[in-house]
């Protein structure tokens, strides 16, 4: 297994500015340190309320061609692949990216300036183990002559095959250490073919492109400026691939083989990883199993207050998947004063409410967003099998059956002394708590 690696973030913030490559808008972004397990979160500080979008598979959206975008509700960020690639290259697990436009600056078309900024401030280790995207057997997605493969490996290795009629075929393999990424991948620039320019402009993209940030390949095969590497094209394709794989929310550890792939194919591959449950095994890493969360920390995230606090403790959870909580009932619960006071019984609807609170906590603590509430969208298949009385300890178990950005369908069960007391299916919608 080797030594357990710790998660990392920046020691201090860095700022870059320029013009967005696709939309041509002036932009400034500041990349800030973030706590462990927060992942990469973009924040649009130019929009009302400064909404956030977290980098994760379900937030990928095909918004603009020839780049990678994410969206949550109405908030979108595009052209994030170079920044994400640099974060992977230096193994940065957690960061907040404040940005005042829809896309980062194009810079020189590579990831080199990000790397330089990160190296200037340095990185700091966080006291939480890193969890990688890994596979125990080959995982392959193919479409015609395009193919992307994950093979089991103890390291991160990238092989890319690229060809185009105007260039000689380029094929290369790297074991992606930080030194290799910095020297061999980060400097490789974006490129396009002269014959494509008019078509791209007609799509309304490439407004910020220039000979300073894009290599243009002419019909003759000559380039608009001197190449940094003889095989710079395949190196930039690898740079893009590395950034796109970070849509999983975790750094990769696999032998990755890509043939004639692009941004959309990469994103669809990551979504296949999620749909096949491979990312669930990442999210259920040892840092969260059997981790006890006490009430004071639960209700820092949940907005409920006495007498509506129905989860006393979380004894186990796996982000994006499941949680187990405890509720201890005493005779002094306010509900018993009016609900069959001579023979007190906990109402079944409050048991379902306890399951919903546990589900909302699991969703909200992962998102890491403030001012969010979880509302019931639906309750179905609720069955009450056993009366629950003072002195009982409720074991609350929930699983996320389906998840979108702001909506989750959850199955839940309440157990008392190992016996099933209540079960239900519910859906929870997340929304801000600002007054309408």
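Here, each number is a calculation from the coordinates, and none is a lab measurement. In this text, all values refer to a predicted model and were calculated from it rather than measured experimentally. FYI the Cβ positions are ideal-geometry reconstructions off the backbone, even for glycines, and counts take in every protein chain you see.
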Of all C-alpha pairs within segment 103-190, those more than 20 angstrom apart amount in percent to 57
Of 241, 16, 358, the most mobile residue in a GNM of the chain (C-alpha springs, cutoff 10 Å) is 16
Of all DSSP beta bridges having both residues in the chain, the percent classed as antiparallel (nearest 5) is 85
Label model pair residue 218, residue 153: point-to-point distance (7 angstrom along the Cα→beta-carbon line) in nm is 3.7
GNM on the chain, Cα springs under 10 Å; top mean-square fluctuation among 18, 277, 106 goes to 277
Put in order of increasing Cβ neighbours within 10 Å, starting from the fewest, 93, 212, 231 give 212, 231, 93
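What translational D, rounded to a whole number of µm²/s, comes out for the chain from Stokes-Einstein when the hydrodynamic radius is the Kirkwood one over Cα pairs, at 20 °C and 1.002 mPa s? If you can, show how the numbers build up before the last one.
On the way: Rh = 23.6 Å.
So the translational diffusion coefficient is about 91 µm²/s.
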Taking alpha-carbon centroids only, segment 316-389 lies from segment 78-102 a number of Å equal to 37
Note: residue 125 to residue 175 extended length (0.36 nm per residue) minus current alpha-carbon separation gives 15.7 nm
If one compares the long axis through the Cα atoms of helix 348-367 with the longest principal axis of the Cα atoms of the chain, the angle in degrees, nearest 10, works out at 20
By Cβ neighbour count within 10 Å, fewest first, 244, 120, 46 rank 120, 46, 244
quick shape note, segment 293-432: Cα extents on principal axes in Å, largest first -> 45, 29, 24
Residue separation between residue 403 and residue 6 times 0.36 nm, minus their alpha-carbon distance, gives in nm 140.1 nm
With label points set 7 Å from each Cα along the Cα-to-Cβ direction at residue 47 and residue 230, the distance between them in nm comes to 4.6
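Rank the residues 117, 218 as a footprinting-exposure proxy: fewest other Cβ atoms within 10 Å of their Cβ go first.
Exposure proxy ranking, most exposed first: 218, 117.
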1/(1 + (r/R0)^6) with r = Cβ-Cβ of residue 425 and residue 296, R0 = 35 Å, i.e. FRET efficiency to nearest 0.05, evaluates to 0.70
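From the helices alone, meaning DSSP H stretches of at least four residues, give me the mean residue ellipticity at 222 nm for the chain, per-run term -39500 (n - 2.57), in deg cm²/dmol to the nearest 500.
Details: 8 runs with 85 residues, N = 436.
So the helix-based figure for the chain works out to -6000 deg cm²/dmol.
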GNM on the chain, Cα springs under 10 Å; top mean-square fluctuation among 222, 337, 272 goes to 337
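Could you give the length gained by full extension between residue 25 and residue 373, i.e. 0.36 nm per residue of separation minus their alpha carbon distance, to one decimal place? Please report the intermediate quantities before stating the final value.
Values: separation 348, 0.36 × 348 = 125.28 nm, distance 3.38 nm.
Length difference between fully extended and current span is 121.9 nm.
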Here the FRET efficiency for residue 116 versus residue 167, based on Cβ atoms and R0 = 22 Å and rounded to 0.05, is 0.20
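Would you please classify the overall shape of segment 195-251 from the alpha carbon gyration tensor, given that a ≥ b ≥ c denote the square roots of the eigenvalues, rounded means a/c under 1.5, and beyond that prolate means a/b larger than b/c while oblate covers the rest?
Details: a/c = 2.54, a/b = 1.34, b/c = 1.89.
The shape class here is oblate.
How would segment 1-147 be classified by its alpha-carbon gyration tensor: rounded, prolate or oblate, with rounded meaning a/c under 1.5 and the a/b versus b/c comparison settling the rest? Can you show the working numbers first?
On the way: a/c = 1.58, a/b = 1.12, b/c = 1.41.
Judged from the Cα gyration tensor, segment 1-147 comes out oblate (a/c at least 1.5, b/c at or above a/b).
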